[in-house]
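Enquirer: Shown below is the structure under consideration.
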Amino acid sequence: MLAIEVNELTRKYDDVLAVDQLTFNVQAGEIFGFLGPNGAGKTTTIKMLTGQLRPSSGSAKVCGFDVVTQRQQLKPAIGVVFEYQNIYERMTAVENLRFSARLYGVNGNRVKEVLAQVGLQDQGRKKSGKFSNGMKQRLLIARALLHRPRVLFLDEPTKGLDPGVALDIRGIVQQLKTEGVTVFLTTHYMEEADRLCDRVAILHNGRIAALDKPIHLKHNIGQENATLEDVFLALTGHKLAERSASA
């Protein structure tokens, strides 16, 4: 069963072709890595797949809903965590989640469940502005899970986090997979993508340069003991900001 279907999806900004005729599918329950250098079109693609940005041409369906003509049906089916931490810092974690629960029309009892799911069950009464970056990221994931989405979009979820917290976030992602949630993940940490993802697509200049299981991509590059970072560099020519091992 397909969770995401993309057919020749394209987005132009004036004379700039940000996303160029992307075609790919994501299976239900899959962790799908969407990798590429800055400016490759990753965030633009996510915005189109979540109904926030209209494609210039092409089509896409998420959870069976057209991202242009069925946006209202699409919204309850997906969760989104962008890399910027847009929480209400004067509110406690519980207040943040209760506010979002009302917007989603979700029973307030769900707040305790998602706090426990991300390991913040003892931090609910604390002002979120006093949270560490890792705690804020957990809160954002909790908010995105309130309405039990079938597909979760995660844009750089471990960016800037220390290794221990990043490991915890990866554990949450793996647990979501066991619960049948489809995860669409962008990351610059190649080791993270290699560990988590069933398949990865590597984007370059708005087009997909490769799409396969990480083990197959590493095998096909023709280098002994190749890493996913080696594959990324070979396909895009871009050096990563920091070694994947630091993730």
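Just so it is clear, none of the values below were taken in a lab; they were calculated from the coordinates. Quantities reported herein were computed from a predicted structural model and do not represent experimental measurements. Note that we place each Cβ from the backbone using ideal geometry, even for glycine, and neighbour counts take in every protein chain shown.
Enquirer: Taking Cα atoms, how many degrees apart are the long axis of helix 163-178 and the longest axis of the chain, rounded to 10 and kept between 0 and 90?
Expert: 90 degrees
Enquirer: Counting each DSSP H run of 4 or more residues in the chain as -39500 (n - 2.57), what helix-only mean residue ellipticity at 222 nm follows after dividing by all residues, to the nearest 500 deg cm²/dmol? Walk me through the numbers on the way to the answer.
Expert: Values: 9 runs with 84 residues, N = 247.
Value at 222 nm, helices only, nearest 500: -9500 deg cm²/dmol.
Enquirer: Compute the Cα gyration tensor for the chain, then decide on rounded, prolate or oblate, letting a ≥ b ≥ c be the square roots of its eigenvalues: rounded whenever a/c is under 1.5, prolate when a/b is larger than b/c in the other cases, and oblate in all that remain. Before the final figure, lay out the partial values.
Expert: Working: a/c = 1.86, a/b = 1.32, b/c = 1.41.
Judged from the Cα gyration tensor, the chain comes out oblate (a/c at least 1.5, b/c at or above a/b).
Enquirer: Let me ask something else about it. If you average the sequence gap of Cα pairs under 8 Å that are 6 or more apart and divide by the length of the chain, what percent do you get for the contact order?
Expert: That works out to 24 percent.
Enquirer: Give the Debye-formula value of log10 I(q)/I(0) at each listed q (0.15 Å⁻¹), with one equal scatterer per alpha carbon of segment 128-167, two decimals each.
Expert: -0.38
Enquirer: Next question. What fraction of the Cα pairs in segment 101-247, stated in percent, has a spacing above 26 angstrom? Write out the running numbers ahead of the final one.
Expert: Numbers: 3568 of 10731 pairs.
Considering segment 101-247, 33 percent of its Cα-Cα pairs are separated by more than 26 Å.
Enquirer: As a quick test, which of the pairs Lys61/Lys218; Lys112/Lys136; Lys75/Lys112; Lys12/Lys61; Lys47/Lys136 have an alpha carbon distance above 28 angstrom in this structure?
Expert: Result: Lys61/Lys218 exceed 28 Å.
Enquirer: Same structure again: Got a sec? Charge dipole of the chain, +1 on Cβ for Lys and Arg, -1 for Asp and Glu; which of Cys63, Leu140, Thr227 is way out at the positive end?
Expert: Result: Leu140, furthest along the dipole toward the positive end.
Enquirer: Cross-link partners among lysines for Lys213, C-alpha distance below 21 Å, same-chain residues fewer than 8 apart left out?
Expert: Lys42, Lys177
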